[in-house]
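One structure is given here, and the rest of the page talks about it.
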């Protein structure tokens, strides 16, 4: 998994490799500095040698300057590498998603894809930067400092060897205790946010039922739990600093004791003692950072895992080897089609469907929720692949077409349709990049959208908010129909696309279809009988199967489901 | 002191990007929380911080003492005795121990304080939010309000538990070290101060750049995330229109922009640390060279080997807190801006309620007079206190009348004009009209979600402004278009209508609403857990639950907002039956989207642009051949 992600550094590989290189150099300088310092004190100040003071002083300045330059370079390369890495990850994921079929998207769910592309990438980016810098810096620092400490005096330096494991084990235990507590804290935190969110969303319900106090109590019980858990976690973590101090002070005292004896014994100098003191901090802080980096990297593992899942997902729809690039006509044929969303042979959403639709026909599809109306039509532009049997458009199996050709000729207005932020024109041109303003107007007239668009202050240049929130449901549906019409498709599928449009406008749209685009095959899924009753044939779906096919009159005579739906809507007083 | 900057590298990310208007006042208010509940603990914390800082300074001074007073004399002795040194070390050990204990104590106490303050702030914020008028929720997006609970409290937490103690401890250390340095050598001290000054200037410069680029980066992230959310949300449409390549192209542009900004922002954050550290190092070197030169040339007397050694240690101890403070300043500024936003919410004026008429359980006594009672009767009465101290009771019947009501969400834009209507007890009043005609607005006025601009509304003859809001609302049941269920069991969700409802009452309400059937078929029945958006339930089932919730409250007056979304005919019939069951025997205001509902209403109000343009029952309106007729015959969009 890690390897698969890291490979995506690509053009920033150089930066990614230079980072630890300069980090190591920086660390070397930082470690060398206290040693030279010792030399300065011993050979310069102690010996009363002004020349030596200047000499070592100069070396030290050079060292510090080099450390600065190396550090800055490491920082620069690190940020370049990590930002580039993140860019590549986002790029690869976004491209992968573009190749996803509907079933791939269903599998992940939209929200989860968004999280993977945003939050998870940020987490991995931070971890990556940490790995190239701090995760290199600290262990190297630890080892070099230890080596230097031993070089200065291999007797006193054993103090570190004694103290380090104590700190290490101590920190380890703390983290072991605290990790599960933090996991609980995050859960409680989520729960608290849910309470607030639900309260905000349902504030009218809360106020209407006078449940303000009840809600406050609910919130307080969660915030109380958060308080207790968070306090517990942080109180445990509060031991880390004193532990580190104990170790540090212990080192200082021990080094002082043994160092003093060695100095008096003549085998060590005061300068060396000063240097050893500096290494105490460097060594212990490094160890502490190593522990922290370890925790943070562990935390980003879950994100890396999620990204990797998305990247390894195989798109399950592909263009064929020698694709057919033209659709002959708008005929549709289903031959023994069975279909299951999960691709298994047990839970079929559609079962044994046979259908024959001629070019230019208008076909109505009716049925209750879950009767697989949408599943049926989604097979035509090959949004999903059949599990058994075959779907043919223009006499050719849809799997033989070039996908873009097929989808250009089979326009579909989805049930959950979306407008994007931008002007009405921009939204419509999704159907055809190069459409002229006249063409736009023509399709909008067809979809009965021209009238309300013209009444808007900016007309066709009116800005649509994200998700189309500034137009009504019926208007949105008409815009979506116009957008699909702009493709000039051979087959047009409306999946419950006029539910929010009033019956009269609905009828006008259908009449326009018959008059203006007679050669286009039209499939209309609807809840209202009135939307389908003039169709050449009406398909009644029930439980994944075709229950009946016929005209309005035929079905009204013979089909029970159709009769029931018709009756219930008559009672409601529609037309 | 340098300006606020984006140091720290690791967590220098602007939360809101905006700086507070009055940080001083905010800080004072924040501290008042500590003062109120934790003044004792906080005092201990301060003492501990001082002790801890002193111990660490003493530690730095120790090297000098060690070398000058113990090691150097011992060097001169022929048979050195180490017992004096041992005593000194033990003494020092005690000092360190005090330091460690203080650190431990203040860290732990600070956890209690900061978490306690946060809990108080959160609780106050939430309970105050409950008291805010609906208007507040109209004008603030959920995202914005949510961020007070997430981002703003997070930065506050960071500040209280880390930045404040660290700042304080750093300041103490700086002062203590400065004093120690001055005692050690004045000239060297001045020299170090000069160096620190340079250091601050450089970091202020870099920090400023870093802050700028971090804001740019935030903007880029916002753009990229916004794009991702919108386009992935519409991914199926993208596929249907074969727009993949176009999307890739657009995304690449934004993605590259983010990379450039992220690189810049991170570079400045990353180089800050090495620069700070190495200026510190340079300072260290310079002190050694200058000090050494001074010691040897004897220009300034009293500089010994020990002085230089300890001064070097002091220099290190001095530069560290300085760089720490400059890094903390930024997160404190951020946190104060966040705190200010939280306090703004807390200062929002609450819903005003001057009502004094209350809703009580009542019964008829032997004389047939209405009296208040503790027991649960099915009779409710308005308890009306008068100025002369007498009380009158009036039975709640459900008679609602509007007299010349004008209303606007903002004073400039009146959306309801001259609305006069009446609903007698048990009547069903239906509102029809296009989106924005003012149907929902009318119902929002009955339960006083908003206050009138002009005119009045009487409920059982009482001006609703005189009724206590909570009692008014308890007497009104409401079923909204958005079902708004809460995370919990189905039983809890129905019980929301009446917290003291027994399980039998809940079942009865569910039966009335027609929800009992599907609930019993769920594996856990009434104890089935659902989440807020009711993901596992169908649209129709959620509507049935919200009807049952209203049914269990059993109010004399109901407000129903029918759902517009298309549900299939069968489910619709079930929901319709539920609604009918609920309406039976009550005064009902219904915002109708279905003609069947409208048809059997006692009165139908046709609204257009905030005015009632037609009123009457179905037959009358059909005969009128007006807007209702057009609507009924499908010539006019009903939505």
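Bear in mind these aren't lab numbers, they're just calculated from the coordinates by the rules spelled out. Being a predicted model, the structure only gives us computed values, none of them experimental. For neighbour counting, all protein chains shown are included, and Cβ atoms are generated from backbone atoms with ideal geometry for every residue, glycine included.
Taking a ≥ b ≥ c as the square roots of the eigenvalues of the Cα gyration tensor, the stretch A:302-377 is oblate, since a/c reaches 1.5 or more and a/b is not larger than b/c.
Among A:115, A:312, sorting on how many other beta-carbon atoms sit within 10 Å of each Cβ, with the fewest leading, yields A:312, A:115. At the listed q of 0.06, 0.08, 0.09, 0.11 Å⁻¹, the Debye profile of chain B, built from one uniform point per Cα, gives log10 I(q)/I(0) equal to -0.57, -0.83, -0.94, -1.17.
The listed peptides B:519-527, B:64-72, ordered by packing as a protection proxy, come out as B:64-72, B:519-527 (highest mean of other Cβ atoms within 10 Å first).
Estimated purely from DSSP H runs of n ≥ 4, each contributing -39500 (n - 2.57), the mean residue ellipticity at 222 nm for chain B is -19500 deg cm²/dmol once divided by its residues.
Ordering A:254-265, A:299-310 by mean Cβ neighbour count within 10 Å, with the highest value first, yields A:254-265, A:299-310.
Relative to the longest principal axis of the Cα atoms of chain A, the long axis of helix A:121-132 lies at roughly 20 degrees. Just to verify a number: FRET efficiency for residue A:54 and residue B:202, C-beta to C-beta distance, R0 = 30 Å, to 0.05? Taking R0 as 30 Å, the efficiency between residue A:54 and residue B:202 is 0.75. The mean count of C-beta atoms from other chains within 10 Å of the C-beta of residues in A:280-289, rounded to a whole number, is 0. Straightening the chain between residue B:83 and residue B:378 buys 97.0 nm, computed as 0.36 nm per residue apart minus the Cα-Cα spacing. Taken residue by residue and averaged, Cβ atoms of other chains lying within 10 Å of the Cβ of A:395-404 number 1. If you wrap the Cα atoms of the stretch B:186-301 in a convex hull and average its projected area over all directions, you get 8.8 nm². The order of B:580, A:344, going from fewest to most other C-beta atoms within 10 Å of their C-beta, is A:344, B:580.
In this calculation the C-beta distance from residue B:32 to residue B:171 is compared with R0 = 22 Å, giving a FRET efficiency of 0.55.
Shielding of peptide B:464-476 by partners, expressed as the average count of other chain Cβ atoms within 10 Å per residue Cβ, is 2.
Relative contact order of chain A, taken over Cα pairs closer than 8 Å and 6 or more residues apart, is 14 percent. Residue A:556 versus residue A:456, label points 7 Å from Cα toward the beta carbon: distance in nm? Using points 7 Å along Cα→Cβ, the separation is 3.9 nm.
Per residue, the convex hull spanned by the Cα atoms of the protein assembly as shown measures out at 209 cubic angstrom. Considering only alpha-carbon pairs that sit under 8 angstrom and 6 or more positions apart, the relative contact order computed for chain B is 15 percent. Round to the nearest 10 and give me the degree value, 0 to 90, for the angle of helix A:240-265's Cα axis relative to the longest principal axis of chain A. Once rounded, the angle reads 20 degrees.
Which shape class, rounded, prolate or oblate, goes with the stretch B:400-632 when its Cα gyration tensor gives a ≥ b ≥ c as root eigenvalues, a/c under 1.5 marks rounded, and past that a/b bigger than b/c marks prolate? The shape class here is prolate. When peptides B:182-191, A:417-426 are ranked by their average number of other Cβ atoms within 10 Å per residue, the highest-first order is A:417-426, B:182-191. As a proxy for reagent exposure, B:369, B:316 were ordered by neighbouring Cβ count within 10 angstrom, fewest first; the result is B:369, B:316. Dividing the summed -39500 (n - 2.57) terms of all DSSP H runs of n ≥ 4 by the residue count of chain A sets its mean residue ellipticity at 222 nm at -20500 deg cm²/dmol. Principal-axis analysis of the Cα atoms of chain B puts helix B:164-184 at an angle of about 10° to the longest axis.
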